[in-house]
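J.: Could you have a look at this structure, given as structure tokens, before my questions?
The values are calculated or read from the model by the stated rules, or taken from the named source; none is laboratory data. Just so you know, these numbers come straight off a predicted model, no measurement behind them. Cβ sites come from the backbone with ideal geometry, for glycine too, and all protein chains shown count toward neighbours. Heads up: the accessible areas ignore ligands, DNA and RNA and are worked out on the full protein's heavy atoms, side chains in. Shrake-Rupley method; radii C 1.70, N 1.55, O 1.52, S 1.80 Å.
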Amino acid sequence: MAVHVRDLAYFVAVAEELSFTKAATKRLFVSQPALSKQIRKLEDLVGTDLFARGNRGITLTAAGEALLPRARRMIAEWDRAFREIRDAAATQQQTLTVGFHTRIGRGLIPGITAAMAERLPGWRLNFRQVSWGDPTVGLADGGVDVAVAWLPVPPGDGFAAKTIATEDRWVSLPLNHRLAGRSSVRFAEIQDEPFIALPASAGVMRDFWLATEQRVKPPRIAAEAATADETFEAVAAGAGVALLSAGNAEIYRRDDVVHVRVSDLPPCHLAVVRRAGDPRTAVRIVMDACCRCAADPLVH
């Protein structure tokens, strides 16, 4: 019977949320139809329904109730095994992978590299860009050891974060935009513009970069983009506008896009993030180096 750990993880998420939509968008970062399809495949494999579906929602069947505690144990055991295998391989290869969504800049990469060379000579750093479709920046699937990420990361107790920079939010505009010549704008002046949004799977991070909490009505979504480069291409083409950090306004300078400060939005926070409970020395060194570099004005 070809049941995969992912199938069990999908089942547990739906069982705990009792909602395909919540499990898909808040826990698994996949589309709801894809999740429903995987659960149906699992039910076909075990030969019975695991959920009773009705107009008022879903509930676990007797078979689902029997599977849930066993599925949790199997997932936990695989997670432990995967971490031990990954950590053993990383130690042997002396490699640490740092994830990011947007270019890191801010003097952090030289600072991290110098700290590793001094404290763990022989170790190598890999830097991996992750799509905004994964708001955990590669931490959840184990492909990344530590991440430099914009808050908020997905809620819960699976991650530990330290803020390393606080920056104003700016807006990216096409060259011919009516506000392109301004030094600053108020959010009320741009909130009705079509926006380039992060993918829906980005969850709370998508909401933050659409300034959802500061709006009185839902945003107009012109397009979705999985990376910063895709975003600025869409802005340059006149498809819409997009919010970004002050530091990234400098890092992502382009001849066909104008970045303007938004004077009345709450700031954004850049953090260094790890999986909660990861005790490895190399991870701690990277986190400490990020905090030191961010606090030292000479590295900027």
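J.: Quick one: Ala236 ticks every box in (1) buried (at least 21 other Cβ atoms within 10 Å of the Cβ); (2) among the aliphatic types (A, V, I, L, M); (3) closer than 11 Å to Leu173 by Cα bar one, so which box is it?
T.: (1)
J.: Scan Ala226, Ala242, Ala289 and give me the residue that is assigned to a loop (DSSP other than H, G, I, E, B), closer than 22 Å to Gln129 by Cβ and open to solvent by less than 50 Å² (accessible area, probe 1.4 Å). First the steps, then the outcome.
T.: Values: Ala242 fails: assigned to a loop (DSSP other than H, G, I, E, B); Ala289 fails: assigned to a loop (DSSP other than H, G, I, E, B).
Sole residue among the options that is assigned to a loop (DSSP other than H, G, I, E, B), closer than 22 Å to Gln129 by Cβ and open to solvent by less than 50 Å² (accessible area, probe 1.4 Å): Ala226.
J.: Shifting gears a bit: Which one of these does Asp7 not meet: (1) in contact with an Asp or Glu (Cβ under 9 Å, 6 or more places away or on another chain); (2) surrounded by 15 or more Cβ atoms within 10 Å (Cβ to Cβ)?
T.: Against the list (1) in contact with an Asp or Glu (Cβ under 9 Å, 6 or more places away or on another chain); (2) surrounded by 15 or more Cβ atoms within 10 Å (Cβ to Cβ), Asp7 comes up short only on (1).
J.: Of the conditions (1) within 19 Å of Phe29 (Cα to Cα); (2) assigned to a strand (DSSP E or B), Asp134 clears all except one; give me its number.
T.: So Asp134 meets the others, but not (2).
J.: Next up: Within the bounds of the stretch 255-274, is there any residue that is under 30 Å from Arg83 (Cα atoms), touching a strand residue (DSSP E or B) at 6+ places or on another chain (Cβ under 6 Å) and either among the charged types (D, E, K, R) or part of a helix (DSSP H, G or I) (or both)? It would help to see each step written out before you state the result.
T.: Here is the first cut: in the stretch 255-274, the residues under 30 Å from Arg83 (Cα atoms) are 269-274.
Those still in the list that are touching a strand residue (DSSP E or B) at 6+ places or on another chain (Cβ under 6 Å) too: 269-274.
Of the ones still in play, those that are also either among the charged types (D, E, K, R) or part of a helix (DSSP H, G or I) (or both) are 274.
Yes, the stretch 255-274 contains at least one residue that is under 30 Å from Arg83 (Cα atoms), touching a strand residue (DSSP E or B) at 6+ places or on another chain (Cβ under 6 Å) and either among the charged types (D, E, K, R) or part of a helix (DSSP H, G or I) (or both).
J.: Is it true that Ile164 is aliphatic (A, V, I, L, M) and touching a helix residue (DSSP H, G or I) at 6+ places or on another chain (Cβ under 7 Å)?
T.: On the way: aliphatic (A, V, I, L, M): yes; touching a helix residue (DSSP H, G or I) at 6+ places or on another chain (Cβ under 7 Å): yes.
The answer is yes for Ile164.
J.: Next up: Does Arg128 satisfy the condition of being open to solvent by 70 Å² or more (accessible area, probe 1.4 Å) and part of a strand (DSSP E or B)?
T.: yes
J.: If I filter the stretch 125-132 for residues that are farther than 19 Å from Asn248 by Cβ and over 16 Å from the mean Cα position of the chain (by Cα), do I get at least one hit?
T.: As a first pass, look at the stretch 125-132 and keep what is farther than 19 Å from Asn248 by Cβ: 125-126.
Checking the rest, the ones that are also over 16 Å from the mean Cα position of the chain (by Cα) come to 125-126.
Yes: the stretch 125-132 contains one or more residues that are farther than 19 Å from Asn248 by Cβ and over 16 Å from the mean Cα position of the chain (by Cα).
J.: Which of the residues belonging to the stretch 245-267 are open to solvent by less than 40 Å² (accessible area, probe 1.4 Å), touching a helix residue (DSSP H, G or I) at 6+ places or on another chain (Cβ under 8 Å) and either modelled with pLDDT of 95 or more or farther than 28 Å from Leu125 by Cβ (or both)? Walk me through how you get there before you give the answer.
T.: Initial filter on the stretch 245-267 (open to solvent by less than 40 Å² (accessible area, probe 1.4 Å)): 245-249, 252, 257-260, 262, 265.
From what is left, the residues that are touching a helix residue (DSSP H, G or I) at 6+ places or on another chain (Cβ under 8 Å) are 248, 252, 257, 259, 262, 265.
Within the stretch 245-267, Val257, His259, Val262, Leu265 qualify.
J.: Would you mention how many residues in the stretch 60-86 are touching a residue at least 40 places away in the same chain (Cβ under 8 Å) and under 16 Å from Gly277 (Cα atoms)?
T.: Filtering the stretch 60-86 for residues touching a residue at least 40 places away in the same chain (Cβ under 8 Å) gives 60, 64, 67-68, 71-72, 74-75, 78, 82-83, 86.
Next, from what is left, pick out any that are under 16 Å from Gly277 (Cα atoms): 82-83, 86.
Here the count works out to 3.
J.: When you go through Arg186, Arg206, Arg178, Arg169 one by one, which is the residue that is open to solvent by less than 30 Å² (accessible area, probe 1.4 Å) and charged (D, E, K, R)?
T.: Working: Arg186 fails: open to solvent by less than 30 Å² (accessible area, probe 1.4 Å); Arg206 fails: open to solvent by less than 30 Å² (accessible area, probe 1.4 Å); Arg178 fails: open to solvent by less than 30 Å² (accessible area, probe 1.4 Å).
From the options Arg186, Arg206, Arg178, Arg169, the qualifying one is Arg169.
J.: I'd like the residue in the stretch 178-200 that is among the polar types (S, T, N, Q) and in contact (Cβ under 8 Å) with a residue 40 or more places away in the chain and, out of all such residues, is nearest to Asp134 (Cα to Cα). Give the steps one after another, and end with the answer.
T.: Going through the stretch 178-200, the residues among the polar types (S, T, N, Q) turn out to be 183-184, 191.
Now narrow it down to the ones that are in contact (Cβ under 8 Å) with a residue 40 or more places away in the chain: 183-184.
On the way: Ser183: 33, Ser184: 31 Å.
Per the criteria, the residue is Ser184.
J.: Which number in (1) within 18 Å of Ala149 (Cβ to Cβ); (2) surrounded by 14 or more Cβ atoms within 10 Å (Cβ to Cβ) marks the one condition that Ala276 misses?
T.: (2)
J.: OK, next. Scan the stretch 201-229 and report the pairs whose first residue is among the hydroxyl-bearing types (Ser, Thr, Tyr) and whose second residue is assigned to a helix (DSSP H, G or I) and surrounded by 14 or more Cβ atoms within 10 Å (Cβ to Cβ), with Cβ atoms within less than 8 Å and a gap of 6+ or a chain change.
T.: Within 8 Å, the pairs are Ser201/Thr25.
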